[in-house]
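First up is the structure itself, then whatever we jot down about it.
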Amino acid sequence: MFLDLPMIMVYVAILVILLLAMAIRILREYDRGVIFTLGRFTGVKGPGLIILIPFIQQMVRVDLRIIVLDVPTQDVISHDNVSVHVNAVVYYRVLDPEKAILQVEDFNSATSQLAQTTLRSVLGGHEIDEMLAERERLNFDIQTILEKQTDARGIKISNVEIKNISLVESIARAT
């Protein structure tokens, strides 16, 4: 089967357009691209027009804006053995995209899990009266601990707020 020259040129043009579409990426002002060439880290690029070599280079997009993490309700047993439900919100952002991608598999999930365990451990060391009266200090303590853990991952914790502290229903009825 023989193809004529105009048909071959059409196929070549389509192939070139597809390769260009695969090679060009546009990153917004708040995005960075972590570039891997044949699986090895080769740099961080962006914002603007990024050109990748198709099939050779890959890019992982990282958002540098503040991320609001809603820490799900945690069951905490206070220092005076009172069960409470506590939920919080954590505000953080990626400062170093290279570390955030290379140091941990999923930095969003890791930060969420760390926030949950830190919330339980910090509040578990205090009595219920302290939890209710000294929320600002507890917020600061949780933020300090989270910052120490996440700095190595290129993540900056900007704020932690305990949203709600409520007694477990069976204890609330007894009082």
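The values are calculated or read from the model by the stated rules, or taken from the named source; none is laboratory data. Keep in mind it's a predicted model, so treat the numbers as computed, not measured. Please note: Cβ atoms are built from the backbone with ideal geometry, for glycine as well, and neighbour counts cover all protein chains shown. Only protein heavy atoms, including side chains, enter the accessible area calculation; ligands, DNA and RNA are left aside. Shrake-Rupley method; radii C 1.70, N 1.55, O 1.52, S 1.80 Å.
For the range 144-162, filtered to residues that are surrounded by fewer than 19 Cβ atoms within 10 Å (Cβ to Cβ) and not charged (D, E, K, R), the residue that is farthest from Val71 (Cα to Cα) is Ala152.
When the range 30-64 is filtered for residues that are in contact with a strand residue (DSSP E or B) (Cβ under 8 Å, 6 or more places away or on another chain), open to solvent by 80 Å² or more (accessible area, probe 1.4 Å) and of a type in the set (D, E, K, R), the ones remaining, listed by number, are Lys45, Arg61.
Any residue at all in the range 76-92 that is touching a residue at least 12 places away in the same chain (Cβ under 8 Å), in contact with a strand residue (DSSP E or B) (Cβ under 6 Å, 6 or more places away or on another chain), more than 30 Å from His126 (Cβ to Cβ) and among the hydrophobic types (A, V, I, L, M, F, W, C)? Within the range 76-92, not a single residue is touching a residue at least 12 places away in the same chain (Cβ under 8 Å), in contact with a strand residue (DSSP E or B) (Cβ under 6 Å, 6 or more places away or on another chain), more than 30 Å from His126 (Cβ to Cβ) and among the hydrophobic types (A, V, I, L, M, F, W, C). Residues in the range 134-154 that are without any contact (Cβ under 8 Å) to a residue 12 or more places away in the chain and more than 19 Å from Ser78 (Cα to Cα): Thr144, Glu147, Lys148, Asp151. Just checking: which of the strands (runs of 3 or more DSSP E) contained wholly in the range 4-90 hold 3 or more residues that are in contact with a Phe, Trp or Tyr (Cβ under 9 Å, 6 or more places away or on another chain)? Those strands (runs of 3 or more DSSP E) span 57-63, 67-77.
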